[in-house]
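Q: So that we are looking at the same thing, I have put the structure below in structure tokens.
The values are calculated or read from the model by the stated rules, or taken from the named source; none is laboratory data. Not measured: the values here are computed from a predicted model. Here the Cβ positions follow ideal geometry from the backbone for every residue, glycine too, while neighbour counts run over all protein chains shown. We work out accessible area using only protein heavy atoms, side chains counted, and drop any ligands, DNA or RNA first. Shrake-Rupley method; radii C 1.70, N 1.55, O 1.52, S 1.80 Å.
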Amino acid sequence: MNAILAKKVLVTGGAGFIGSHLCERLVARGDDVLCVDNFFTGAKANVAHLLGERNFELLRHDVTFPLYVEVDEIYNLACPASPVHYQYDPVQTTKTSVHGAINALGLAKRTNAKILQASTSEVYGDPEVHPQPESYKGNVNPIGPRACYDEGKRCAETLFFDYHRQHNLNIRVCRIFNTYGPRMHPDDGRVVSNFIMQALRGEPLTLYGDGSQTRSFCYVDDLVEGMMRLMDADDEHTGPMNLGNPGEFTIRELAETIAEMTGAKAEIVLKPLPQDDPMQRCPDITLAKSVLGWAPTIQLREGLQKTIDYFKALT
Ligand code: NAD
Ligand code: UDP
């Protein structure tokens with residue numbers, strides 16, 4: 001690896017769950033990676049194994065403040081992603097998405113870097129179109145408890161496309177659907193980590209509502225492959241592009257599968273459905289398939305087993 005010729009890649013939120021896997025892949029292929037994080041939901045431990053690599057660097061920084069570095073590519077992932085974490089300080093969540101996007105886009109403009117935004121299926125809100133294609137404009141409550149995240153991410157998409165139109169920036173926007181795998185935060189309250197941790201601790205699995213709401217779960221390795229392919233695709237492919245696994249499950253099915261796989265005598269208890277909790281979610285990935293030749297390869301049980309093994313090692 002020649003550090004002088006290597007592509008300089010900035011990953012904001014690089015010490016988080018998805019970011020750490022992305023950094024790992026970029027370092028492995030020889031890019032010169034700068035990982036930036038304020039460790040709000042991420043942790044140094046997630047990238048500790050990369051610290052000895054000469055093409056990896058870690059910087060504590062809050063993306064709501066400007067950053068002056070020289071880069072060729074930017075993956076903008078900084079933002080808490082679990083409802084529990086992003087609702088903890090909702091004003092800061094919106095600032096992270098919006099000011100973070102402005103700062104990242106300003107940096108891309110100054111350095112002429114290509115920039116990818118980690119957007120989300122949450123831009124579709126509680127969708128009335130199913131599965132969700134990129135052309136669907138969404139059904140988001142702008143004043144509800146999820147709005148700090150949903151509207152922050154929608155505004156970030158707006159900024160990306162305005163910088164593209166106004167300043168000719170080379171942008172990519174992917175809309176990520178529920179992704180899971182090792183290095184999820186064990187207490188982030190997201191359904192996969194929550195159910196696995198509850199099962200491993202011998203606690204009841206908390207099913208919100210009647211569990212008939214659906215989600216589609218993508219294993220992190222598949223997702224990272226899709227993000228990198230989008231960054232490397234021809235310049236006309238700005239997105240927005242859905243990245244997710246179209247296999248759709250009810251949350252009750254997920255609870256039963258995790259209970260069975262962990263061998264837990266796990267009882268399931270019903271809890272109230274949180275406000276504005278989307279009833280269904282499933283990506284239409286026709287665009288990603290045709291443009292990137294990408295589709296997830298890891299089935300739910302296979303991915304869950306790797307995730308269960310990771311959490312077992314933690315407990
Ligand atoms: P995560 O919480 O593990 O990672 C987010 C990272 O951003 C953390 O390391 C956190 O410390 C960092 N961060 C937060 N605020 C920051 C700030 N102000 N300055 C610097 N760093 C900051 O979550 P994740 O699941 O890895 O999500 C990564 C990205 O992907 C997020 O932008 C999220 O919105 C998006 N996404 C994730 C999913 C999913 O299912 N995991 C789905 C849709 C979109
Ligand atoms: N959920 C649940 N029990 C939990 C955590 C989550 O039933 O302990 C449900 C939640 O109400 C939602 C789905 O699982 O319908 C996915 O929740 P998550 O927080 O993982 O992400 P979301 O897709 O809602 O952003």
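Q: Sort through Gly239, Gly244 and tell me the only one that's small (Gly, Ala, Ser), within 15 Å of ligand 2 (Cβ to nearest atom) and within 22 Å of Leu26 (Cβ to Cβ).
A: Exactly one of Gly239, Gly244 is small (Gly, Ala, Ser), within 15 Å of ligand 2 (Cβ to nearest atom) and within 22 Å of Leu26 (Cβ to Cβ), namely Gly244.
Q: Continuing with the same structure: Identify all residues within the stretch 1-40 that are within 11 Å of Leu77 (Cα to Cα) and outside any strand (DSSP E or B); write none if there are none.
A: Gly13, Gly14, Ala15, Gly16, Phe17, Ile18, Gly19, Ser20, Leu22
Q: Can you tell me which residue is farthest from Thr238 (Cα to Cα) among those in the stretch 162-177 that are in contact with a strand residue (DSSP E or B) (Cβ under 8 Å, 6 or more places away or on another chain) and open to solvent by 40 Å² or more (accessible area, probe 1.4 Å)? Quick ask: steps written out before the conclusion?
A: Within the stretch 162-177, the subset in contact with a strand residue (DSSP E or B) (Cβ under 8 Å, 6 or more places away or on another chain) is 163-164, 169-177.
Retained after the next criterion (residues that are open to solvent by 40 Å² or more (accessible area, probe 1.4 Å)): 163-164, 170.
Working: Tyr163: 12, His164: 9, Asn170: 8 Å.
The selected residue is Tyr163.
Q: State whether the residues of the stretch 119-141 include one that is away from ligand 2 (no atom under 16 Å from the Cβ), crowded, with 17+ Cβ neighbours inside 10 Å and part of a strand (DSSP E or B).
A: no
Q: Going by what's in this entry, would Ser212 be described as open to solvent by less than 10 Å² (accessible area, probe 1.4 Å), more than 30 Å from Leu107 (Cα to Cα), hydroxyl-bearing (Ser, Thr, Tyr) and at pLDDT 95 or above?
A: Here the answer is no, as Ser212 does not meet what is asked.
Q: Can you pull out every residue in the stretch 78-115 that is within 16 Å of ligand 2 (Cβ to nearest atom), part of a loop (DSSP other than H, G, I, E, B) and touching a residue at least 24 places away in the same chain (Cβ under 8 Å)? I'd like the intermediate steps shown before the answer.
A: Within the stretch 78-115, the subset within 16 Å of ligand 2 (Cβ to nearest atom) is 79-88, 90, 93, 97.
Within this subset, residues satisfying the condition of being part of a loop (DSSP other than H, G, I, E, B) are 79-82, 87-88.
Matches in the stretch 78-115: Cys79, Pro80, Ala81, Ser82, Gln87.
Q: Taking the stretch 230-267 as the search range and keeping residues that are of a type in the set (D, E, K, R) and not in a loop (DSSP other than H, G, I, E, B), which one is farthest from Glu302 (Cα to Cα)?
A: Asp232
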